[in-house]
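Quick note: the coordinates plus some simple rules give every number you see, no bench work behind them. None of these values were measured; they are calculated from a predicted model. Cβ sites come from the backbone with ideal geometry, for glycine too, and all protein chains shown count toward neighbours.
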Amino acid sequence: MPLSRTPRSPARLATAAAVLLLAPLAPLAHAQSAAADTVEGRVTVTQTENSRWPSGYQAQITITNGTDAPLADWAIEFALPEGAKVHQMWNATLETDADGYTVTPPRWGATVPAGGSYTFGYNGAFSGGETAFTTCTVNGAPCDGGPGEPEEPEYRQVGYFTQWGAADRGYLVKDLAESGQAERLTHINYAFANLDEDGRCFITDEDGQGDAYADYGQTYGAADSVDGVADDPDQPLRGTFNQLRKLKEANPGLRVNIAIGGWAWSDHFSTAALPENREAAVKSCIDLYLRGDLPELNGAGGEGAAAGLFDGIDLDWEWPGTEGEPGNIIRPEDKENFTGLVQEFRDQLDELEREEGREFGLTAFVPANTGAIDAGYEVDKLVEEFDFLNVQGYDFSGAWDRTAGHQSNVRVPEGDPAATPRSYETVIQAYLDRGAEPEDLVMGVPFYGRGWTGVEPGPQGNGLWGAAQGGAPGVWEPGFNDYKVLKEFVGQDGFELYRDDHAGTAWLYNGTDFWNFDDPTAIAQKAAWVREKGLSGIMTWSLDGDDEQGSLVRAFDGELNGRG
């Protein structure tokens, strides 16, 4: 499954290609002995500045073939420092675009012999300063012959990291690195950004409305920092944002998105989606998070303070056209307005891409309930705008029900007493029936379990489908516990572990309390189903529910990508 977005329109980064086949100012050897920095078995490229004058310079580029076979087809992609540019090139074909330059052999060919090299040159214009490559690849590999980027995983692997995790649960960005989760994820969604009464993104320290101190004000010491380096109290970006930036530096393929809304902060999405508000609402979110113009709070922030941190936006409106958390604003036109809001996001993100020369993603978290789907989502239109949809794959059942059951099952289990049973199969089919393709969908899995107390043995004697009295005691709330908590219950206090391989889920029962949850075996079963159905990946809520070894992330990564 490709992880990059297929452009929805030709309006993407403009490419102005120019082919310059000019005679050299001085003759250069067509083939010469290999350069001193030849890397055996690899192709390398070096640039040497020969001379300069007040407004320009001359340089030569040498491609060296350290392999044991001739190299006829080669492509060098490079960028130059600000103020420097190629003016004329000889003995090679040059194309220019917004990202830099691509050089290929001249029209008469330039095979680089095994163990040999080929040199060409150019005149450059500049305003002074450096002229060395800022980036350079040859046939997609680093020009210095190094190993390059790790191979991109085939599937999207998305995890939500919560704003409150550090203060409330002691779960830091550093834990993503030390557990091995970060190197196995393609996307991290930072939860959440809030919307004000006008539907605009804002950041505050007001209780219940935001936590700017956690976001970018808190000063991290060396022991809690991703790279072991303490924050400078005067730097404009600190807190979780700075730690995420460091995590990205250590994991170049990782993308970080800002998730807007969520269960508690979807109050004003309906207002943001109104036609008269959309443009300003979207601009506020892009300026704040993607351009990184943070309000100055706690001695941090300022224009561009978080620039480059976030790679996209994840829309978590829970839910258009239906209430979600009590108090959310609901309008009859929410469904159509959500489509309009999404199109406005995509349009403004396209413009930002043209400005900055890189892609910005757009995704959404969408519900498992068919009633909510039909009330709030024009699925066939939305999949044309989003990179992918993160589909809720949990909370099918919980302590709000008076019967203990499965909260996250792949298939409808035999004997399910629900009038309309739900499963991954039924939920995904609902989206396919409404215009989505499998590759548009990423399946959500829970890193927590749902529990009941006062549970009768039920028809199978193991608590499943047994009458219950309410939510079982949990660390954070009744009826809820993280996987890392529940795994310690196995074999303790009379708990026995049960499993339904067909449903792809597990549960614990001790005669009184019942916990439905996913362990690594169940997560792997879910991942296998994702692969079999052709979906584009897995998403989890939330990463802090995993154990210190990142066992659940390792489970789906191992099943999808063959890595342990």
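The HN-Hα couplings worked out from phi for segment 489-503 by the Karplus form 6.51 cos²θ - 1.76 cosθ + 1.60 (θ = phi - 60°) are 6, 4, x, 10, 6, x, 6, 10, 8, 10, 8, 10, 5, 5, 7 Hz, whole numbers, x standing for Gly and Pro. A convex hull fitted around the alpha carbon atoms of segment 231-351 yields 119 Å³ per residue. In degrees from 0 to 90, rounded to the nearest 10, what is the angle of the helix 551-561 Cα long axis to the longest principal axis of the chain? Long axis of 551-561 versus the principal axis of the chain: about 60 degrees. Across segment 120-137, computed HN-Hα scalar couplings (Karplus, 6.51 cos²θ - 1.76 cosθ + 1.60, θ = phi - 60°) run 9, x, 7, 9, x, 9, 7, 10, x, x, 6, 10, 5, 3, 8, 9, 7, 10 Hz from first to last residue, x flagging Gly and Pro.
Cα-based radius of gyration for segment 285-432, normalised by 2.2 N^0.38 Å, reads 1.28. The mean of 1/r over all distinct Cα pairs in segment 32-142, once inverted, gives the Kirkwood hydrodynamic radius of 14.3 Å.
Calculated on the Cα set of segment 191-266, radius of gyration then Dmax: 13.9, 41 Å. Taking a Cβ cut-off of under 11 Å around Val530, the surrounding Lys, Arg, Asp and Glu residues balance to a net charge of +2, with basic ones at +1 and acidic ones at -1. Here the residues Trp529, Trp263, Trp53, Trp317, ranked from fewest to most Cβ neighbours within 10 Å of their Cβ, fall in the order Trp53, Trp263, Trp529, Trp317.
Which values of log₁₀ I(q)/I(0), to two decimal places, follow from the Debye formula for segment 373-442 at q = 0.19, 0.22, 0.25 Å⁻¹ with a uniform point scatterer at every Cα? For the requested q values the scattering log ratios are -0.80, -0.96, -1.12. Per residue, the convex hull spanned by the alpha carbons of segment 401-564 comes to 112 Å³. Sequence-ordered 3J(HN,Hα) estimates for segment 155-165 from the Karplus curve with 6.51, -1.76 and 1.60 and θ = phi - 60° stand at 10, 6, 10, 10, x, 8, 10, 8, 4, 8, x Hz, glycine and proline given as x. A DSSP coil position with no more than 15 other Cβ atoms inside 10 Å describes the following GluC sites (Glu not before Pro) in segment 220-327: Glu276, Glu303, Glu323. For segment 52-211, taking the reciprocal of the average inverse distance between every pair of different Cα atoms yields a Kirkwood hydrodynamic radius of 20.3 Å.
Pairwise alpha-carbon distances in segment 499-564 exceed 19 Å for 35% of all pairs.
Based on the Stokes-Einstein relation at 25 °C and a viscosity of 0.890 mPa s, and on the Kirkwood radius from alpha carbon pairs, segment 162-391 is assigned a translational diffusion coefficient of 136 µm²/s. Measuring against 26 Å, Cα to Cα, the residue pairs Lys381/Lys533; Lys335/Lys533; Lys246/Lys487; Lys248/Lys381 contain Lys335/Lys533; Lys246/Lys487; Lys248/Lys381 as the ones spanning a longer distance. What percent of all Cα-Cα pairs in the chain falls in each 20 Å bin, counting up from 0? For the chain, the binned pair fractions read 19, 46, 27, 7, 0 percent. The residue list Ala59, Ile373, Ala250 was ranked by how far each Cα lies along the charge dipole of the chain toward its positive end, using unit charges on Cβ atoms, and Ala59 comes out on top. Given Asn328, Trp541, Gln343, which one lies farthest toward the positive end of the charge dipole of the chain, if we put +1 on the Cβ of every Lys and Arg and -1 on the Cβ of every Asp and Glu? Projecting each Cα onto the dipole axis, the largest value belongs to Gln343.
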